[in-house]
Each structure stands twice: as C-alpha cells, then as structure tokens.
Amino acid sequence: MAIVQDKLSPDSAFALTNKAKRSDRFSGGIGMLRRLLVSDYFVLYLTLLFFLVASIFYPTLSNPASITNQIQNFWPLLAVAIGQTFVLIIGGIDLSVIAVMGITSVAGALVMAENLDPAFFDKSPVWGSLMTEAGGVLAGNPLAVPAAVLTMLLIGTFIGWLNGVAITRFNLAPFMVTLVTSTFFAALALWLTQSRNISGIPEAYVTLGKGDIVSIYLGAKLTPDIARRDILPFITYPFMIAAGLAVVAQFLLSRTVFGRRMFSIGTNRKAAEVSGVPTQSVIIRVYMFCGFCAAMASVLYSGRLEIGQPSFPNNLLLDIIGAAVIGGTSLFGGKGSIRGTFFGVAFFVLLLNILNAMRLSPFIIDAVKGAFILVAALLDIIRTRVANQEQRV
Amino acid sequence: MTTPLLQINALSKAFFGISAVKSVTLAVHPGEILGLIGQNGAGKSTLMNLIGGVVPADSGEMLLKGKPYTPRTPADANKNGIAFIHQELNLFTNLSIAENIFIDAFPRTRWGMIDRVTIKNKTRDLLQAVGLEIAPETQIERISPGERQLVEIARALYQDAELIIFDEPTTSLTARETERLFAIMRQLKEQGKAIIYISHILNDILKLSDSLAVMRDGQLMAHEPTAAFDVNRMIALMVGRSIEQLYPPRSTPPSTELVLDIHGVSAAGIVENIHLQLHKGEVLGLFGLMGSGRTELARMIFGLDPFEVGDIRVEGVALNNLSPQSSIRNRIAFVTENRREEGLLMNIDIANNIGLVALPEFARTPLLVIDRRELLDNAQHMANTLQLKSGNIALQNAKALSGGNQQKVVIAKWLLSRPAIFIMDEPTRGIDVGAKYEIYAIINQLAAEGSGVLIISSELDELIGICDRILVMSRGEIYGQFGRNEFNEERILRAAFRETAAIPTGEKLPTLDEMAEGSAS
Amino acid sequence: MKTSMKYLGLFVIAVLSVVVSFGVVSAQTDVTICFGFQDLETEFWVAGHRAITETLRGQGIEVLEYNANEDPNRQLEQIRECIAQGVDGIIIIPQDGDSANTIVAEAQENDVPIAVFNRPPNDRSAGVIVVADNVSATEQAVEFIAQKALRQFEITGEAVTPLILVGALQDTNAIGRRDGFFNVITRYNERYPGLFNEPIEVATEWDAATALANLEAAITANPNVDFIFTSSDFLFPTIRSVLEPRGMWVPMGQPGHVLLAGLDGDATACQLIDQGYVDATGVQNLFLEAELTMNRLLQAIEAGETAPNEVLLDPGFALTAGNIFFQRSDMWGCVLYDDGFLDQ
C-alpha cells in the first residue's frame, strides 16, 4: 500500500490547497487542527483515526488476514471510482457506470463462457447465435479470455463515447444522458440473459479477478502444512490492474495537457472554450475513459465472482460517487484528485467493515453508515471553508 | 462639529502578514457624502468589509454614534443601520421587487400568513421614494441594472439604514440612470443619511461628494473637503506619482501592411456587410453603444459565433471553419469583455491561467506531458513583464487578484501564444486608473512590436487616447471612420447615434452632454 | 470559527468512540458462526434471518451477521472477511444460485465448513445445502383440501373443479409446486374416479397483476370452480379480490365455501386460516431448516470436517385449521403475525 501511495502523491501544480502559506500563522492545538483540516491527506487521517479507534474495541479488525482482505476489497471500487472522478472534475456525472459494468460483464461471458444451460438461456434473443450449449462465441478457444476482456473494454469505452457525444453535440445534461444510457444498457443486459447469471467462466479470467502474484505467510516457519486461510494475498492481479489505472489516471490528470484542459473545463467551460481548449473532444474522451474504467472494474468484479453478472446493485453508485466526493472531488467540477479518491475509497471500504465488526443490527447498519458519511461530508464543508479563508486576500 | 455617525480609529487588518488596511482613521457624519477612491487592492474593499462585519479587525476600533461598534456578521451591520449597495447586485432575480425588499422578514397577518397587501403598499411607497415607477410585483430579471440598483436602495431605506455604502454603483448604468442615482443620493443626504461613495469615475466623485478620502497600499493618503481636490491631485495621491497624462503617447506609427482583412461579413439581425482592415502595428478602436453589434462582430472574427456571408483573411490567407482553436493557430487573441465568465479560471492558480492558451507549446510528445518548470518560468516571466501584483503564481488563485491584475492575467495568457492580432473587448472595464494606464502601455507595446490591436470600448475618451483610428459601429453596421487627426468626440458620438437616422419612438433623443456623460471616465 | 473547530474535533472523537463502543459484545463462546444473508426486504427472508439467528444464539453460539444488500460481490467480500476473522463455520442465504457456487468454493478452499440456507446453489454437490422440498409441502397442503373435497363428493356426488395458480416456470420452486399439485389430483382421481374435473391452470409469472387478470378470466369462464391452490401465499389477497364480488369468499362451514390452499405460510395465510377462509397452506419449516443447518455445521466443526457436502431436505408440513393450534410456533408466518407484523 505504501508503494502505491508514493506513486499517487505527486506535487501537482494543481494542488488546491496551499502548502506555502501555512507555516507561521498557526500555533498550538487549533493551528494543528486547521493544518490537519486543509491537508490533502485529511480523509486519510480521518479514516486511520476511525480505524485505530475501532481496532481498540475490535482487535480482529487489525489482524493481518482482515487487513489484506480489506485491501483486496478496495481495488474494484477504486477502478470504477477513478473514472467517475474524471467525469466529476469536468463538471459532469456518469450514472451509467453500474449499467456499463452489467452489460460488459455479460458481453465478456458471451465471448468466453464454457457450457450454457439451455434451460436457463433458450429464451434469450441471442440463443443459437451468440450463445449455444457449447458456451459463448469463442468457448474453449485459447484466445477467448483476452478477446473477452478486450470486448468488455471496447464496449465500456463505446458507451462512454455515446454519453460524451450526446452531451457535447446535442448539449444535453450529463445527468439525463447517462440516466438514459444507464436504463437502456441495464435493460439490454437483462434481456440478453433473461436475468440469469452466466457461469462457466474460464479459469484464466477468474485469475484476473482474484489471482495472487505475491502472497504472504505470517506464521511459524516449521509448520509442515500451511492452511490455505493463513496464506494471505498481497499483490494480486486486481491490485496491479487498479493501481496501474490509478497511476495512469493521476499522471494524465497532473502531468499532461489533457489533465489541465479537464480542470479548465470543469472550472469554467466558456473560458476554456475561448482559450482554445477543444472542449467537446476533451469531454468525449473523459466519458470514454470513465466507461473504460467501469469495464475494467467489471472484469475485477465478475472475475472474482466467476459469473457474467447482468445487474449490479444500484446502491453501489452511491459508494462510487460518495468515495470521490469524500476524497475532495467537487460535484460542481474543477476540483478533484486521484489521490483523494484513493482515500475516499479506503474510507468507504473500511467504514463498511468496521460497521460490520461492530455487530450492529442489520436493520440499522445502513442508517449508521449514512450518519458517518454525513459527518465526513460536514467536515469537508468546514475544510473547504478554512481553505477558502486561506485564499482570501 | 456634530458627533460622527461612524468614527474609525486606527483600524488595521492583515491577511497572511500582508497589511490590507493599515491604521486607518476616518469619520463620516450624518448628511455627508464621503467619496472614497483608491486603486484596486488599495484596501477600500477590506475597509468596507471591516465596517460591514464580513471580516474582523486585527486592531483599532469603530464607534457608531459614539458607541463601540464590533460587527461579527453582515447581519450585525444591517441591524446597526449600515447598508451596502454593491457593484454586483445582491438581488434574487427570480423574485419580485417586493419580495426582495422584504426577504429578511416578511410581515405577517394576524393569521400568520404573509401579508401581501402591506408588502405591496409599503413597496410602492419605497419605490416612489427612489423615483422608480414600476409595479412592486415585477420580477427583478425584467428590470434594468440601473433599476435594480434603485431597488437595492429602496431595500436599504426599508431597513432604516443610516449609513449607505455605494461600491462602484454606476458601472453598469446608462447616463440617465446614473443621473437619477445621483439625484437620489443627494436626496438621501438631505434626509440626514451618511453615504460612503466608492468609485473609479473621478469626475463623479468630485461632483457629488462633500469630503474625499484617498487610499493607497492600505493607508489613508488624504481626507479633506472635496474642494481641495482636482483630478490630477486625486490621481497623484492614488498612484503615488503624478501622471502627466492619462494615456501613454502613441509613438510608433502603424505599418501599411494588412494583418486582418474582413470583407462583407453579415449575420442576419446582428451585423451587416462589415468591412474592416487592421494593419500591423495599428491600434484600431471600435466604438459603439451596447447592442451595436461590436462584441458580436469580435466573437465572429474569433470563431465563437457563426456568420452567414463574407470572408476573413489573416495576412492574406482566407480562413474557413473558424473556431477558437483555428483562430489561435492563426495567431488571433481575444480578450473577452467579461473576465469572470469567459476570461479566467477563477478557482485555478495564476500560472495555469497564464499557461492555458499556449498549453500545447509546453508539452513534450508523445504523451503531451507538460514541462511544468518551463510553463512556470514562462508564466512568471510574463507576470513580471506585465508587472503583475500577486503572491506565488503557482499557488494563488486568479480569484484572489484585483480586477486590473486579473485583466493582466488574461492578457498574459494570450501573449504567451505570441499573437499577431489582438482583439480586446472592453479591456479596462472595472479596473482602476493606475492599472488602466498600465494596460494602455501594454497595448502600445504590442503595436510597437508589430501586432494589430483591435479595441472595443464604450469609453470614447479611452479610444481617442490610445487609438490610431476609430471605427464607429451602429446597429450592426460600420457607420463611420475617423483617423487620429480627425478625432472629435462630438462627431464620433453623432455617428454612433446615427444623428440622421430615426430614433425609436418613445425615447427622447439624448443631448450631446448626456451622451458624453455616459462615456466619460 | 476557532472555538467551533475545537468543539467539532472533540465532537468527532466522541462520536467515534461512542458509536464504536456501542456494539461491543461481551459474551464469548467457543463457536463463532458467520451468517451472510442477501437482504431483509421481504417477510419471508426476515423470518429466515430470525430463525437462524435465534436458533444459533439459543445454543450460545456467537453469530457474525452480514447483510449483502442484494449484492453478490459484497457477499463474497463479507464471506472472505468472515474467513479472515477465523470463524468456525459459515451459513449463507445467497443472492442467486450462481454466486452461491463461487462463495461455497471460496469457503471450502479456505477450510471453513459452509452451509447454504433455503436458496440452493445451481451445483448442489458442494457444501451443506438445506432446502425445502416443494413437492412434499405442496402435496401435504393439497391433500388436506382434497380430503375435504372427497367428503363433499361423497355427500353430493358432484364433481369438484380444481384450479391452480402457477408460478413462473423458469423457477424450480414453481415447477415443484405444480408437480405436487398434479400428483395429488391424479392420485385421487385414480382412486375416486369422477372426483375432480380437468384442473384449470392460471399463469401468474409470480406477479400479482398478471395473476389478477388471468384469474378474473378463468373464474368468469368457469364460475363453478370450488377448489383453488395457489403456488404462493402472497396471492391470497388477489384471490380474495376476485372471489369476494362474486359471493365466493365464504368461510369454511358455510355454504358456498371454496376450498383454498396455498404454499409458503406467510403471515396473511396464518391470519386467513385463523379466520377460516383458507383451509391449508404448505409451510417451509424454516425453524426446522435452521436447526438442520446448525446441527450439520456443528457436527462438521466438531469432527474437523472442513468441507461437508450434503443436501438436507425440509419436507415441510401443511398448516390447517385443525393443527394451527399446535403447530403455530413452527410456522414462520404465524410467528410474524402474532408479533403484529400485519399491523405495521
């Protein structure tokens, strides 16, 4: 985790708070609290504080198995939240990511699934063409898995392109456009599969969803027989994929012309246009990237579950947008970072786990989760106010 | 002398260790109009924010009618009878005049319902007091900026304000509206109200105020009866040096080589058959009233708006498929009339604002990675060249700059792309005298280096001061052309008003004095 | 601002501590079982959740509960977390049969015994699978009203016209229930020829609106229907709204009573049996299922068996006006009903 954070913390010229101004004006406890509040790492500190307090009461939270487990839960949500962060930065929103995950998950399975049960699927409109009893289009072919992943990424990117084109060329509100594509592709995924999950996913694909590259074992060396549950995943394929995506995204955002243009569009689209920023093409590409990220997340989710899953739960969308916003990305555009989203995702993943560890009644656990998100959001408002005070001259 | 309504003693305020207001002592009495002038960033706004409870003072004290006054919030100030009439109006445009006036506390009937009858009658009285004959239920968005100003004053009257602070109230007003505003201010004064009047229009201040305070760099430079000032002394006190002229001399003659050639451009209902030639090294003024099509023409040249017929040539090459991107490739720059909406990325740092247009030039292929060092160096160099007054340009946001410095950032952004043609729409609107002079000097320098500069302005003095040639636009057409040696305020204004053409019914033809009033600076 | 900041800081820390300490459980037992369920949106699953947690806690077992909110991915994450916490066994109610397979494999790979409650995985060869036997439960309920029909037939000599509301036939539950119904009708017709007319099948697709339309049409065409079986109890209100205007909604013991049986045993069914409108409902014995699940899991834990594989069937039982007094507490719908569930 430390490695990844290092890569994700460049001294961006877009740094939105201002480090230089902090020094001498602050003194004592209040000063430290203020400094903490305006820090880019605020959400991380909050998350860690929360985790440490909870660990005192629930020691199991801090056992290595549980921690590596949380890290594994982190990656797919991060992948999809990165794309959403991009869209939010240009002042848009993409509600279609859940549907993109569903339709790409199905599309991938239609390419590579082995064995399909006619009892489930013979009413599907693509039974006999894309689906047969032998499986998907490339069932059994050694290239089936790469072809499936490629298909998924292409479809995700294509849906992003559709969103972007509708938003720019026809000047429609992103909320409406993505709501429409979301509804359409969610329905398409259900229709194609008749609402059934597609199983029979090849092993290589499953590896992408949960395979270890480096595992760790923290126990006595001499045990002849190590139980599977004591071998902890450390570096996994999802880790590589999502962290890679994060590094690329952070690079795009902070180092390239494209990233600067994204911020300019999110801050003031008219001014960006006058200044020669090709706003339409930047917006379209941002939505394409968001679709790509959602498809990538779909690979991770459906790989580890070993099924092509037509419908993802809609409340996941709140976690995705919530993670970005808790991480400091503005819903009004022009502000946000991958690092922030990284912390925001950590906040959500840990929060959920801590709430579970607290053995709260399942009937109230979501209410408590909502309360925590509210507290975090309120802190963010105060944080923004403090940061603004520093800017005022 | 009577007790001052508001007495300020050694008031100070610093931000980040930089003094914004330094030990200012000032008083304003009932029935007095106090004029307050100073360049942007001189501390006027901070001083007003201290009075208005927006920010707390670091040291010093304020006495209101002899009693200590320490406002914590703007609402405190309101309660104490201090009202602000802002440059940017604080009205809800979707509500009616009456609702805006009563927004803080709607009167109730004894049933607890909002008492619409009382509201309406009271509003009508208030509107009459400020000379506005509009129905109380009219929505704000349907009335003109000048009328909105009067509504704000009506609201101040309703709140029983004893001190009314006017911050640049005339910026968006027509000559007639300004005149009416002044009449009302005098009337308020007669009723014993104290008024602080902040403006960049020095002649207005001279005419209107009883005493005059000048600020520079957070300090009070002078506070004397108005009779003790003339324009030259005011400027000298504001800028700290004496300005012989308001405009730097046009020294370099334009070349005869064409850089921009516009031929027969028309767009139905907006502009008609426009012919315009701009030469290298020339400063060309485009004068016209609001709605004459001057801004629209500039937007067409730059590729922001479409036109139907006609062609545009840059250095002899005809342009087609115009867009801002193609215009930038063709080395055209466009400083828009509205900095806030179309000019700047307010919440982004200065360096990235300056770098925005020329961004691809700082990129290394193949991934278009930005050389941040180079971008920062270039932005800093440009900031130095234009004498930008700012903090660290990589950290400070554009929002935090004064109007004049913001405009410099906009110009710097275009300069980095080394344009051959500079189109500037109202480049000095809302900026102070000192900064204006600097902008004029920059324009001069651009022309000296061979760029063609097209300046759109509704301030005729300014165009006469800095241009080689002035074109007059009226109702979508070029209606007159004047070389530097034939500049004559009256003739140019006549052309702008199409003296010979029919005037829309119901509108009185303004006298020349009135016309000049509206454009004088 | 400054003071508010200080208070805010204190407030946050206080809230964190209070909320966190709120859930501390002191009782520690030897066995910890993780219970992951898909949601609590319908009364059936609320009852299932209750059956398991009460049964386990009744034995002094510590239960870790995880609600997946209908997200199979989240359920997988939660089960992994359970494994990481070192639980002794796992019980899941899966979101669907496919993800259940993956989750069972995940647990078994990590040597934790797992049982799947009530909603079986597609592949029933792995894990302890506890499932209701739809055919058996249906047969018991239909048999009860067939007996009543037979007594009527012996007196009047008039043939009985049976009607079945069929579920969505992609669903194995719906198929089993239909089979159970026809098994009984065929058996009785063989033994007592002429007892039943040809059964009328009404498709519902598990949808109340579809059921209403089709049932209206069927009853209009065959007004002499006097024997109705619904594949699920949730359709009783629908049946009532069709029968009532025709004067066919009559409690038992009065002339014109239509024999009514259903399956599931929800709170409405319990109420209607109490009131005498419904004769019988086939009930999944959730409490029995919970007990079966727990016992098999405890047995595996004790024996050190890490991957027990077995399918356990719950034969169900018919709840009728006759036995409701005795079996009330076994019937999940009555338990909810008696708790005032329908009044909420």
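Some observations on this one:
- Highlighted here are the helices (runs of 4 or more DSSP H) found entirely within the stretch B:24-121 that include at least 3 residues which are of a type in the set (A, V, I, L, M): B:44-51, B:97-101.
- Single residue of the stretch A:334-393 satisfying the filter (under 21 Å from the mean Cα position of the chain (by Cα) and of a type in the set (D, E, K, R)) that is modelled with the highest pLDDT: A:Arg339
- Scanning the stretch A:177-195 finds one or more residues that are in contact with a Lys or Arg (Cβ under 6 Å, 6 or more places away or on another chain) and either under 20 Å from A:Ala99 (Cβ atoms) or among the polar types (S, T, N, Q) (or both).
- Number of positions in the stretch A:297-314 that are within 14 Å of the chain's Cα centre (by Cα) and facing chain C (nearest Cβ under 7 Å): 1
- As for the stretch B:238-246, it holds at least one residue that is surrounded by fewer than 16 Cβ atoms within 10 Å (Cβ to Cβ), in contact with a strand residue (DSSP E or B) (Cβ under 8 Å, 6 or more places away or on another chain) and at pLDDT below 90.
- Selection within the stretch A:181-213 - crowded, with 16+ Cβ neighbours inside 10 Å and either in a strand (DSSP E or B) or without any contact (Cβ under 8 Å) to a residue 24 or more places away in the chain (or both): A:Ile198, A:Asp212
- Selection of the stretch C:271-286 for residues being surrounded by 21 or more Cβ atoms within 10 Å (Cβ to Cβ) and in a helix (DSSP H, G or I) yields C:Leu272, C:Ile273, C:Leu286.
Table: residues versus (1) among the aromatic types (Phe, Trp, Tyr); (2) touching a residue at least 60 places away in the same chain (Cβ under 8 Å).
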{"position": "C:Ile164", "(1), (2)": "no, yes"}
{"position": "C:Glu190", "(1), (2)": "no, no"}
{"position": "C:Phe227", "(1), (2)": "yes, yes"}
{"position": "C:Leu235", "(1), (2)": "no, yes"}
{"position": "C:Ile239", "(1), (2)": "no, yes"}
{"position": "C:Val250", "(1), (2)": "no, no"}
{"position": "C:Gln254", "(1), (2)": "no, no"}
{"position": "C:Leu263", "(1), (2)": "no, yes"}
{"position": "C:Gln275", "(1), (2)": "no, no"}
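- Tally of residues being small (Gly, Ala, Ser) and over 20 Å from the mean Cα position of the chain (by Cα) across the stretch B:156-207: 5
- Residue check for A:Ile265: in contact (Cβ under 8 Å) with a residue 40 or more places away in the chain, away from every other protein chain (no Cβ under 11 Å) and part of a helix (DSSP H, G or I): no
- With respect to the conditions (1) part of a helix (DSSP H, G or I); (2) surrounded by fewer than 24 Cβ atoms within 10 Å (Cβ to Cβ); (3) modelled with pLDDT under 95, A:Met288 lacks only one, and its number is (3).
- Identity of the residue in the stretch B:322-338, more than 9 Å from chain A (Cβ to nearest Cβ) and among the charged types (D, E, K, R), that ends up surrounded by the most Cβ atoms within 10 Å (Cβ to Cβ): B:Glu337
- Test: residue in the stretch B:418-430 that is among the polar types (S, T, N, Q), crowded, with 21+ Cβ neighbours inside 10 Å and either more than 13 Å from every other protein chain (Cβ to nearest Cβ) or not in a helix (DSSP H, G or I) (or both): yes
- All positions within the stretch B:339-380 that are of a type in the set (Lys, Arg) and more than 8 Å from chain A (Cβ to nearest Cβ): B:Arg339, B:Arg340, B:Arg364, B:Arg373
- Hey, C:Asp39 in the same structural domain as C:Val311 (by TED's automatic domain parsing), acidic (Asp, Glu) and in a helix (DSSP H, G or I) or not: no
- Residue in the stretch B:109-118 that is in contact with a helix residue (DSSP H, G or I) (Cβ under 7 Å, 6 or more places away or on another chain) and either surrounded by fewer than 12 Cβ atoms within 10 Å (Cβ to Cβ) or farther than 15 Å from B:Gln149 by Cα (or both) present: no
- Unique residue being among the polar types (S, T, N, Q) and closer than 28 Å to A:Ile365 by Cβ when the list is C:Asn122, C:Asn134, C:Asn69: C:Asn69
- Any chance C:Phe144 is touching a residue at least 40 places away in the same chain (Cβ under 8 Å) and not assigned by TED's automatic domain parsing to the domain that holds C:Leu212: no
- Of note, A:Ala346 does not satisfy the criterion of being more than 8 Å from chain C (Cβ to nearest Cβ), part of a helix (DSSP H, G or I) and over 30 Å from C:Ile33 (Cβ atoms).
For (1) at pLDDT 85 or above; (2) out of contact with any Phe, Trp or Tyr (no Cβ under 9 Å at 6 or more places or on another chain); (3) crowded, with 17+ Cβ neighbours inside 10 Å; (4) within 9 Å of chain C (Cβ to nearest Cβ), each residue gets a yes or a no:
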site: A:Phe14; (1), (2), (3), (4): no, no, yes, no
site: A:Ser23; (1), (2), (3), (4): no, yes, no, no
site: A:Leu37; (1), (2), (3), (4): no, yes, yes, yes
site: A:Ser55; (1), (2), (3), (4): yes, yes, yes, no
site: A:Ser66; (1), (2), (3), (4): yes, yes, yes, yes
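- For the stretch B:187-210, the criterion of being outside any strand (DSSP E or B), out of contact with any Phe, Trp or Tyr (no Cβ under 8 Å at 6 or more places or on another chain), surrounded by 18 or more Cβ atoms within 10 Å (Cβ to Cβ) and at positive phi is met by no residue.
- Residue match in the stretch B:446-468 (condition: within 12 Å of chain A (Cβ to nearest Cβ) and either modelled with pLDDT of 90 or more or part of a helix (DSSP H, G or I) (or both)): no
The values are calculated or read from the model by the stated rules, or taken from the named source; none is laboratory data. Remember, it's a predicted structure, so these values are computed and weren't measured experimentally. Cβ atoms come from the backbone with ideal geometry, glycine included; neighbour counts cover every protein chain shown.
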